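Enquirer: One structure coming up, written as structure tokens, with questions to follow.
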Amino acid sequence: MFAWLTRKITNTMSDSMMSRMLQDPYTENMYSMFPITQKIGFRNIIEAGMRAESGKPIERPLGSPVVLSPWEKLLFNPVHLFRMPTQDGVQIQTGVTIGPEAQKPLHLEIPVLISGMSYGGALSLKAKIALARGASMAGTATNSGEAALIEEERKEAKYFIGQYNRGGWMNTPEQLSRLDAIEIQLGQGAQASAPMGTESHQIGPDFRKAMRLKPGENAVIHSRLTDVNSARDFIRLVERLRKEYGVPVGLKFAATHYLEKELDIAVEAGVDYIVVDGAEAGTHGGPAILQDDVGLPTLHALSRTIKHLNKLGVKDHTSVIAAGGLVSPGHFLKALALGANAVYIGSIALIAMLQTQMNKALPLEPAPQTVLYLGKFKENLNIDKGAQHLAKFLKSCVEEMKLAAYALGRADLAQISRKDLVCIDRDLAWLLDVDYAGFSHEEQQLAREGLQTLPEIVLESVLEQELPALKNIH
Ligand SMILES: Cc1cc2nc3c(=O)[nH]c(=O)nc-3n(C[C@H](O)[C@H](O)[C@H](O)COP(=O)(O)O)c2cc1C
């Protein structure tokens with residue numbers, strides 16, 4: 001009876017809806033919302049609503065959904081006979097050294113690091129502890145983000161990178177002396193160097209105490225470091241930090257079309273490592289315009305960074321960490337093949353750390369509500385479970401990267417290079433100086449040596465097939 005009734009009602013409702021859609025004039029027709037949504041985009045409609053509600057910049061979590069880096073157009077080149085695959089049973093090396101020329105270089109067991117995500121301004125204490133514990137279990141580093149040194153996080157972290165930040169909270173000798181690397185943070189992919197902050201009413205006593213904020217004071221991240229108002233200031237800062245602390249001193253900035261100019265100054269300063277944070281990078285919550293419309297895609301930025309450091313002859317002693325939209329072992333290994341020494345992960349680390357604990361918020365609340373400092377379910381996070389899941393995620397990714405190394409005939413992840421890549425897009429192949437999938441390596445070598453131009457090859461074969469008559473004109 002009930003089934004019959006439901007069918008009856010549904011049928012009647014869909015009939016009347018269909019008739020109305022087929023008959024009503026367009027401007028009165030519910031169907032018009034479809035092309036309207038197509039024109040504007042569902043995301044823009046919703047974000048316009050949020051802007052109309054607050055009159056303030058919206059704070060979109062975890063970064064831009066606009067992915068501009070076509071990693072999927074790159075493939076690795078497996079070997080079989082002309083070069084043999086790595087014998088199974090051979091131990092594939094995965095270790096990496098950040099800042100080889102520092103007095104105390106940072107040696108890590110895997111080339112995947114947990115990126116800077118600040119306590120308070122972004123994540124809860126429990127989430128920071130789980131990330132640090134998971135990173136330690138996997139033999140890699142975690143990063144403070146733009147915050148002060150948090151005792152619990154330092155205690156859990158086997159390798160701890162601290163950000164010398166535009167909030168100033170980490171920038172004191174007693175804190176800097178407890179770090180395994182110092183990362184001067186001038187910007188990040190999702191927010192560039194725009195001023196940001198947390199309003200006083202969102203700051204609890206724990207956060208206020210940790211950042212040494214006065215009652216009623218907001219936590220402000222300025223657009224500049226207070227002590228860096230020129231390239232000269234920056235150079236002096238790097239020299240001082242390297243001398244006083246001996247650990248690798250790095251620069252993190254938002255990938256930009258000016259990156260070669262920024263790198264020239266960083267190299268003159270003698271930084272030990274560079275973090276290139278691409279336009280696809282995540283954040284706890286940031287203005288959409290900075291996420292969608294500012295920066296340079298991670299893939300393009302990484303390739304240009306490596307090329308420029310090679311050109312300056314400093315690539316061997318300046319480590320490069322790529323970040324921004326890297327979410328799979330394939331992404332990680334392609335970034336290494338393009339010349340990065342390691343990768344930073346943010347968003348995917350949170351997702352992996354959460355795993356089924358996402359259900360503590362879903363389906364009625366978004367998953368980040370379990371890890372954010374202002375998250376409704378932050379106290380429900382099980383730290384140990386989170387740490388285990390993150391460590392297993394990292395292990396799984398590294399195991400997959402090692403399997404690829406066998407197939408490529410490589411015994412060390414650090415040996416994998418542009419030679420091991422091919423690209424199915426010609427322009428991208430040219431940009432990345434990687435072979436194009438349409439021709440053999442030898443043909444392209446000829447073209448690179450100027451003995452033949454590839455377009456000519458193309459033209460020739462096209463002419464042969466399609467327009468024999470035209471060939472003679474050419
Ligand atoms: C929750 C969250 C908080 C972040 N906080 C910081 C920060 O304090 N300092 C910083 O330099 N970058 C911060 N970032 C950016 C990350 O360090 C990293 O550059 C970025 O997440 C990489 O992109 P991905 O999320 O696509 O992996 C944050 C990112 C997230 C997701």
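Enquirer: Given a 1.4 Å probe and the protein chains all in place, what does the accessible area of Trp71 round to, in Å² to the nearest 10?
Expert: Only protein atoms counted, so the area is about 10 Å².
Enquirer: Mind checking which of Ala132, Phe82, Leu113 is farthest towards the positive end of the range 1-147's charge dipole, using Cβ charges of +1 (Lys, Arg) and -1 (Asp, Glu) about the Cα centre?
Expert: Ranked along the dipole, the leading option is Ala132.
Enquirer: Once amide H atoms are built 1.01 Å from N in the peptide plane, which residues 5 or more positions from Leu372, or in another chain, come under 5 Å H to H?
Expert: HN-HN under 5 Å from Leu372: Ser124.
Enquirer: Straight-line reach only, C-alpha to C-alpha below 27 angstrom: list the lysines that Lys261 could link to, leaving out same-chain residues fewer than 8 apart.
Expert: Lys243, Lys252, Lys307, Lys311, Lys315, Lys334
Enquirer: Can you tell me the FRET efficiency between Arg236 and Val314 if r is taken as the Cβ-Cβ distance and R0 is 22 Å, rounded to the nearest 0.05?
Expert: 0.70
Enquirer: Ignoring everything except DSSP H segments at least 4 long, calculate the 222 nm mean residue ellipticity for the chain; use -39,500 (n - 2.57) per segment, divide by total residues, nearest 500.
Expert: -12000 deg cm²/dmol
Enquirer: Another question, then. Full-extension gain between Asp227 and Glu151, please, as 0.36 nm times their residue separation minus the C-alpha to C-alpha distance.
Expert: 24.8 nm
Enquirer: Can you pull the one-decimal nm distance between simple spin-label points at Ala411 and Arg43, each 7 Å off the Cα toward Cβ?
Expert: Rounded to a tenth, the inter-label distance reads 4.5 nm.
Enquirer: Take every Cα pair under 8 Å in the range 236-385 that's 6+ residues apart, average their separations, divide by the length, and report that relative contact order as a whole percent.
Expert: Computed over the range 236-385, the figure is 18 percent.
Enquirer: Give me the dipole magnitude in Debye, nearest 20, for the chain about the Cα centre, with unit charges on the beta carbon: positive for Lys and Arg, negative for Asp and Glu.
Expert: 1300 debye
Enquirer: So in the chain, what percent of DSSP beta bridges are antiparallel if you round to the nearest 5?
Expert: Of those bridges, close to 25 percent are antiparallel.
Enquirer: Explain nothing, just the number: dipole magnitude of the range 189-311 about its Cα centre with +1 on each Lys and Arg Cβ and -1 on each Asp and Glu Cβ, in debye rounded to the nearest 20.
Expert: 380 debye
Enquirer: From Cα pairs below 8 angstrom and at least 6 apart in sequence, can you work out the relative contact order of the chain, rounded to a whole percent?
Expert: The value is 19 percent.
Enquirer: If each residue of separation counts as 0.36 nm, what is the full-extension length gain between Arg83 and Glu365 once their alpha-carbon separation is subtracted?
Expert: Separation in residues times 0.36 nm, less the Cα-Cα distance, equals 96.3 nm.
Enquirer: Tell me the per residue accessible area of the range 130-257 using a 1.4 Å probe; a whole number in Å² is fine.
Expert: 40 Å²
Enquirer: Would you mind telling me the share, in percent, of accessible area of the range 2-60 contributed by carbon and sulfur at probe 1.4 angstrom?
Expert: Carbon plus sulfur share of accessible area: 66 percent.
Enquirer: Moving on. How many percent of all Cα-Cα pairs in the range 272-371 sit more than 22 Å apart?
Expert: Considering the range 272-371, 40 percent of its Cα-Cα pairs are separated by more than 22 Å.
Enquirer: While we're here: Among Ile289, Gly325, Met211, pick out the residue whose Cα is farthest towards the positive end of the charge dipole of the chain, where Lys and Arg carry +1 and Asp and Glu carry -1 on C-beta, about the Cα centre.
Expert: Toward the positive end, the furthest listed residue is Met211.
Enquirer: Here's another thing I want to ask about it. Could you order peptides 340-351, 111-122, 212-223 by the average number of other Cβ atoms within 10 Å of their residues, highest first?
Expert: For the peptides 340-351, 111-122, 212-223, the packing ranking is 111-122, 340-351, 212-223.
Enquirer: Grab the beta carbon distance between Lys214 and Thr172, set R0 = 22 Å, and tell me the FRET efficiency rounded to 0.05.
Expert: With R0 = 22 Å, the Cβ-Cβ based efficiency is 0.85.
Enquirer: Separate question: Please list, or write none, the lysines whose alpha carbon is within less than 24 Å of the alpha carbon of Lys376, excluding same-chain residues fewer than 8 places away.
Expert: List returned: Lys56, Lys126, Lys128, Lys209, Lys360, Lys385.
Enquirer: If you take the square roots of the eigenvalues of the alpha-carbon gyration tensor of the chain and sort them as a ≥ b ≥ c, do you get rounded (a/c under 1.5), prolate (a/b over b/c) or oblate?
Expert: Oblate.
Enquirer: Leaving ligands, DNA and RNA out of it, report the carbon-plus-sulfur percent of the accessible area of the range 103-177 at a 1.4 Å probe.
Expert: Within the range 103-177, the accessible surface is 54 percent carbon and sulfur.
Enquirer: Right, next: Which value, in debye to the nearest 20, gives the size of the charge dipole of the range 293-430 about its Cα centre, when Lys and Arg are +1 and Asp and Glu are -1 at the Cβ?
Expert: Dipole of the range 293-430, to the nearest 20 debye: 220 debye.
The values are calculated or read from the model by the stated rules, or taken from the named source; none is laboratory data. None of the values given here were measured: they were computed from a predicted structure. Every residue, glycine among them, receives a Cβ derived from its backbone with ideal geometry; neighbour counts consider all protein chains shown. Calculation scope for accessible area: heavy atoms of the full protein, side chains included, ligands and nucleic acids excluded. Shrake-Rupley method; radii C 1.70, N 1.55, O 1.52, S 1.80 Å.
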